[in-house]
Amino acid sequence: MKQGLLIAFEGIDGTGKSTQLALLADFLRRLGCDVVVTREPTDGEYGRRIRKLYLDRGRCTPEEELDLFIRDRRQHVTDCIAPALAAGSIVLTDRYYFSTAAYQGAAGCDPDRVFAANSFAPEPDLVLLLTMEPEESLARIRELRGDRLNDFEQLDQLRKVARLFASFPQGCITRIDAAASLDEVQAQVRQAVLALMARKGYRCEP
């Protein structure tokens with residue numbers, strides 16, 4: 001059986017990752033691809049504990065927070081990602097270990113150590129890193145989503161996170177300007193994914 005593809009959407013909050021992922025999933029399904037859509041933190045035991053930190057991040061230390069993300073990802077890989085890849089599916093994940101390296105790195109953890117701690121997780125075939133100035137991303141969160149900013153969505157924090165995302169050198173990363181229109185961003189997303197499929201010789205079967 002053919003091996004699947006793992007594509008991660010990354011970036012600071014408010015860049016439109018979830019929207020772009022959903023549009024890509026619909027596009028790939030129309031091509032006849034078997035697509036698995038997932039996210040981190042997950043809805044599992046550790047993911048639910050992480051989501052509680054959104055309202056009170058101070059309830060645990062950066063090391064304890066990192067441990068929760070690692071535990072959540074181990075479960076995610078075992079229960080979802082690895083089986084889907086083995087079945088030949090295209091896995092689209094809204095956040096992956098690059099977010100952990102950036103966000104926990106901004107909280108004081110060594111990003112290189114975070115990457116090393118995630119060596120058990122399959123490396124993505126493609127990381128679509130949506131880029132945007134933090135001020136604009138927060139304006140989107142406030143004005144378009146109408147959401148209250150959580151503890152991970154503070155300006156100083158997002159500036160640090162954005163700098164770390166910009167520093168990551170991995171060759172699987174494709175950076176896309178998320179400040180462009182929704183259609184323009186999606187066109188670049190599709191272009192990167194179709195190029196990946198061509199390189200890998202991955203064909204969908206309607």
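The values are calculated or read from the model by the stated rules, or taken from the named source; none is laboratory data. Keep in mind that this is a model prediction, so the values were computed, not measured. Neighbour counts run over all protein chains shown; Cβ positions are idealised from the backbone, glycine included.
Would the stretch 191-204 turn up any residue that is at pLDDT 95 or above, among the hydrophobic types (A, V, I, L, M, F, W, C) and part of a loop (DSSP other than H, G, I, E, B)?
no
Is there any pair linking a residue in the stretch 140-169 that is within 20 Å of PRO111 (Cα to Cα) to one that is of a type in the set (Ser, Thr, Tyr) and modelled with pLDDT of 70 or more, with Cβ under 6 Å and at least six apart or on different chains, and which?
VAL161/TYR103
When the stretch 23-49 is examined, which residues are found to be in a helix (DSSP H, G or I) and touching a residue at least 40 places away in the same chain (Cβ under 8 Å)? Before the answer, list the steps.
Taking the stretch 23-49 as the starting set, the residues that turn out to be in a helix (DSSP H, G or I) are 23-30, 45-49.
Of everything in the stretch 23-49, those that are in a helix (DSSP H, G or I) and touching a residue at least 40 places away in the same chain (Cβ under 8 Å) turn out to be LEU23, LEU24, ALA25, PHE27, LEU28.
Taking the condition crowded, with 16+ Cβ neighbours inside 10 Å, in contact with a Gly (Cβ under 8 Å, 6 or more places away or on another chain) and among the hydroxyl-bearing types (Ser, Thr, Tyr), does SER99 pass? I'd like the intermediate steps shown before the answer.
Details: crowded, with 16+ Cβ neighbours inside 10 Å: yes; in contact with a Gly (Cβ under 8 Å, 6 or more places away or on another chain): no; among the hydroxyl-bearing types (Ser, Thr, Tyr): yes.
Taking the combined requirement at face value, the residue does not satisfy it.
Looking for whichever is small (Gly, Ala, Ser) and either within 21 Å of VAL161 (Cβ to Cβ) or crowded, with 23+ Cβ neighbours inside 10 Å (or both) here; the options are GLY14, GLY32, GLY88. Which one fits? Give the derivation first.
Values: GLY32 fails: either within 21 Å of VAL161 (Cβ to Cβ) or crowded, with 23+ Cβ neighbours inside 10 Å (or both); GLY88 fails: either within 21 Å of VAL161 (Cβ to Cβ) or crowded, with 23+ Cβ neighbours inside 10 Å (or both).
Only one candidate qualifies: GLY14.
Would you tally the residues in the stretch 175-199 being surrounded by 15 or more Cβ atoms within 10 Å (Cβ to Cβ), in contact with a strand residue (DSSP E or B) (Cβ under 8 Å, 6 or more places away or on another chain) and of a type in the set (D, E, K, R)?
1
Which of the numbered conditions does GLN170 fail, given that it passes all the others? Conditions: (1) exposed (fewer than 14 other Cβ atoms within 10 Å of the Cβ); (2) farther than 24 Å from ILE50 by Cα; (3) at pLDDT below 95.
With (1) exposed (fewer than 14 other Cβ atoms within 10 Å of the Cβ); (2) farther than 24 Å from ILE50 by Cα; (3) at pLDDT below 95 applied to GLN170, the lone miss is (3).
Is it the case that ALA107 is modelled with pLDDT under 95, surrounded by 14 or more Cβ atoms within 10 Å (Cβ to Cβ) and of a type in the set (A, V, I, L, M)?
Yes, satisfied.
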